[in-house]
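Here's the structure, in structure tokens; my notes come after.
The values are calculated or read from the model by the stated rules, or taken from the named source; none is laboratory data. None of the values given here were measured: they were computed from a predicted structure. Cβ placement follows ideal geometry from the backbone for every residue including glycine, while neighbour counts extend to all protein chains displayed. The accessibility values were calculated without ligands, DNA or RNA, using every heavy atom of the protein model including side chains. Shrake-Rupley method; radii C 1.70, N 1.55, O 1.52, S 1.80 Å.
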Amino acid sequence: QKKNPKERMNKQLLLGGVTRRCSLFAHGSMMTRIHVRSYTTQAPSSTTTPSSSSSTASMAEKEAEAAINNATFQEDHKCLYELRTYDIKPEYYPDFLKLTNEFIHLRTAHSPLLGYWTTEIGGINQTVHLWKYKDLDHRATVRATLAKDEQWMNKYIVPMRPMLAYQSNLLLRLLPQSSLSPPPQGKSAVWELQEYKLKPKDEVEDWATSILAYIDGKKETTTVPYGIFYTDIGPLHTTFVLWPFASYSERASRRPDLFGDSGQSKNDDAAEFIKSAYSKLLIPTPFSKW
């Protein structure tokens, strides 16, 4: 006999221990992915031996770590992520990268830089960067502060402007079902940014549920995306998936599991929502976080 999803979730919560579960539950006509963390509620014994004391301390550390992770997860979903793309005039491209490397610290002092890449395939003389803000008010405050920062303006903005051929930006949010997942190997050598334009009649959540369920099923053989985002301001019905790879060869070996040899998505459930797709290969700059 099938158990009610809510009853099953409640049972998991009562089991205690520090665990993280990802389950799919029916919600109306679509599936919603819920991250569940449960914690033990048993109080430590009043008389403890050195071993039990150590065990209690270890449990407390795990609970504290889980609480921090949960707070980070919640905070990440409240934030805005600005994806900026700069096309650089070919004759200035090396100088632009050198200038940015020298003075980017003046910019990162005001808001977190999650990644700064050069486009290897899918764009020429191009950089892509991802910035994190608490909200639009925070972004406005940062921009106003930077405009008054004489060092930033005179040392970077003034000499940089003539180097630009084109700029674009858009604001993203993390999908509620996903989370930021830094590469386990640290800084990755190769990244792939995939852009999916969805059919207007379909919900982003429907596509997200399908793609996340597919990734879960392949997690033993594929890499985990750094983040899955949807557009808050910019082209609507659009999502972005940012994948890290340790090398080109790792991407080549992981690709068939995700997309097949043809490059088409092997996930039919997710593919039915897609109107068009585009991807580019990125290389992190020396000053990129990942």
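Structural remarks
- Qualifying residue in the range 182-194 (condition: among the hydroxyl-bearing types (Ser, Thr, Tyr), surrounded by fewer than 17 Cβ atoms within 10 Å (Cβ to Cβ) and under 19 Å from Leu130 (Cβ atoms)): no
- Residue that is farthest from Trp131 (Cα to Cα), among those in the range 240-290 that are among the hydroxyl-bearing types (Ser, Thr, Tyr) and at pLDDT below 90: Ser262
- Among the candidates Tyr116, Tyr81, Tyr86, the residue that is in contact with an Asp or Glu (Cβ under 9 Å, 6 or more places away or on another chain) and either open to solvent by 70 Å² or more (accessible area, probe 1.4 Å) or in a strand (DSSP E or B) (or both) is uniquely Tyr81.
- Check on Lys201, more than 24 Å from Trp290 (Cα to Cα), assigned to a strand (DSSP E or B), open to solvent by 50 Å² or more (accessible area, probe 1.4 Å) and modelled with pLDDT under 90: no
- Listed by first and then second residue, the pairs with beta-carbon distance under 8 Å, at least 6 apart or on different chains, first residue in the range 134-157 and touching a residue at least 12 places away in the same chain (Cβ under 8 Å), second open to solvent by 80 Å² or more (accessible area, probe 1.4 Å), are Lys134/Lys78; Asp135/Lys78.
- Residue in the range 149-159 that is touching a Phe, Trp or Tyr at 6+ places or on another chain (Cβ under 6 Å) and either modelled with pLDDT under 95 or part of a strand (DSSP E or B) (or both) present: no
- Filter result for Gln167 (open to solvent by 50 Å² or more (accessible area, probe 1.4 Å), within 27 Å of Phe240 (Cβ to Cβ) and out of contact with any Cys (no Cβ under 6 Å at 6 or more places or on another chain)): yes
- Residue selected from the range 213-239 under the condition part of a helix (DSSP H, G or I) and buried (at least 16 other Cβ atoms within 10 Å of the Cβ), by the criterion modelled with the highest pLDDT: Ala213
- Tally, over the range 73-122, of residues that are among the aliphatic types (A, V, I, L, M), more than 18 Å from Pro244 (Cα to Cα) and in contact (Cβ under 8 Å) with a residue 60 or more places away in the chain: 5
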